[in-house]
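Engineer: Sharing a structure with you now.
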Amino acid sequence: MNAETHSVDPAEVAKFEAMAAEWWDPHGKFKPLHMMNPVRLDYITRQIAAEFGRDLASEKPFAGLRILDIGCGGGLLSEPMARLGAEVTGADAAERNIPVARLHAEEQGLSIDYRHATAEALEVAGERYDVVLAMEIVEHVADPAAFLSTCRALLKSGGLIICSTINRNAKSFMTAIVGAEWIMRWLPRGTHDWSKFIAPDELCRMAGDSGLEPVDRKGFVFNPVSWQWSISDRDLSVNYVIAATAR
């Protein structure tokens, strides 16, 4: 943690430090992520398989791939990647998240390299990965453009980054803040700052400026009737994800 950390926002880190013990409680403060996780994993696995020519029906389709889960939290994405055969590094700037993630992985019999570290520290250490997962993190960093540039530096040539965040518009304010935080109380008030939300075109432009080539983008859409999430080709109005390759 001694490397320059220009993307780290201490106030954002403190929010997640305070909730660290609840990562694996599907009914706790991370309930929205548990609910969304199946569609996140569906998108991630399909994108990786397509980019690297892997057969998801095989036993360990991601064997030989080195994957970084930056902002890993308790390991909700790191663990499935390890089960699929990848060599996984889970890194988080919130120190309290790491023991939670390590303990859960040990209980599951999984070997995951969890580190209390920033993206910048990993770059300085010379780490390089085939895939970087930056899911629900870019809206919490101090400088999204600098963060994406660091993620690009962490990728091997031709590597893949998958980055999800929240669009910035009136609907996202009503859904992600008023609905999720104020009414449903899925998250503590103040978890999200609407001014830090990023529109898809903005994120793609930042990615391009960082030396990444956006290759796909989709929406994650919540249906309040079926109480389920789905992937949409068209609706990126609130939650969305982009995939980009390292040029």
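The values are calculated or read from the model by the stated rules, or taken from the named source; none is laboratory data. Since the model is a prediction, treat every value here as computed from it, not as a measurement. Positions of Cβ are backbone-derived with ideal geometry, glycine not excepted, and every protein chain shown enters the neighbour counts. SASA here: full protein model, heavy atoms, side chains in, ligands and nucleic acids out. Shrake-Rupley method; radii C 1.70, N 1.55, O 1.52, S 1.80 Å.
Engineer: Could you work out what % of the accessible surface of segment 1-125 is carbon and sulfur, using a 1.4 angstrom probe and leaving DNA, RNA and ligands out of the count? Provide the component values of the computation, followed by the final result.
Structural biologist: On the way: 2830 of 5640 Å².
It is 50 percent, rounded to a whole number.
Engineer: Moving on. Keeping all protein chains in position, work out how much accessible area residue 237 exposes to a 1.4 Å probe, and write it in Å² to the nearest 10.
Structural biologist: Counting only protein heavy atoms, residue 237 exposes about 30 Å² to solvent.
Engineer: Ok, one more. Can you tell me the Rg and Dmax of segment 97-188, counting just the alpha carbons, in angstroms?
Structural biologist: For segment 97-188, the Cα-based Rg and Dmax read 16.4, 45 Å.
Engineer: Let me ask something additional. Kindly state, as a whole number, the per residue volume in cubic angstrom of the convex hull around the alpha carbon atoms of segment 94-247. It would help to have the intermediate numbers written out before the result.
Structural biologist: Values: hull volume 21.7 nm³, N = 154.
Given the Cα convex hull of segment 94-247, per-residue volume reads 141 Å³.
Engineer: For the chain, with every protein chain kept in place, what is the accessible area per residue (1.4 Å probe, Å²)? If you can, show how the numbers build up before the last one.
Structural biologist: Working: 10850 Å² over 247 residues.
With all protein chains present, the chain gives 44 Å² per residue.
Engineer: Under the Kirkwood approximation applied to all pairs of distinct alpha-carbon atoms, what is the hydrodynamic radius of segment 1-156 in Å?
Structural biologist: Numbers: mean 1/r = 0.0635 Å⁻¹.
Taking every pair of different Cα atoms in segment 1-156, averaging 1/r and inverting gives 15.8 Å.
Engineer: Residue 29: which lysines have alpha carbons under 29 Å from its alpha carbon, excluding same-chain residues fewer than 8 sequence positions away?
Structural biologist: The qualifying lysines are 15, 171, 196, 218.
Engineer: If you don't mind, there's one more thing I want to ask. With charges only on Cβ, +1 for K and R and -1 for D and E, what is the dipole size of the chain about its Cα centre, in debye, rounded to 20? Walk me through the numbers on the way to the answer.
Structural biologist: Working: 25 positive and 34 negative charges, 104 e Å.
Dipole magnitude for the chain comes out near 500 debye.
Engineer: Right, another one. Dividing the alpha-carbon radius of gyration of segment 13-58 by 2.2 N^0.38 Å (N being the number of residues), what value is obtained?
Structural biologist: Working: Rg = 14.8 Å, N = 46, 2.2 N^0.38 = 9.4 Å.
Cα-based Rg divided by the globular estimate yields 1.57.
Engineer: Between segment 1-70 and segment 119-151, what's the alpha-carbon centroid distance in Å?
Structural biologist: Centre-to-centre (Cα) distance: 13 Å.
Engineer: Rounded, prolate or oblate: pick one for segment 1-90, where a ≥ b ≥ c are the square roots of the eigenvalues of its C-alpha gyration tensor, a/c under 1.5 means rounded, and failing that, prolate if a/b is larger than b/c, else oblate.
Structural biologist: Values: a/c = 2.53, a/b = 1.50, b/c = 1.69.
In terms of gyration-tensor shape, oblate.
Engineer: A follow-up question, please. Pull up all non-local amide H partners of residue 69: gap of 5 or more, or a different chain, and H-to-H distance under 5 Å with H placed in the peptide plane.
Structural biologist: 89, 90, 91, 133
Engineer: List the aspartates and glutamates whose alpha-carbon lies under 19 Å from that of residue 60, not counting same-chain residues fewer than 8 positions away?
Structural biologist: Straight-line reach from residue 60, under 19 Å: 42, 51, 69, 79, 87, 113, 130.
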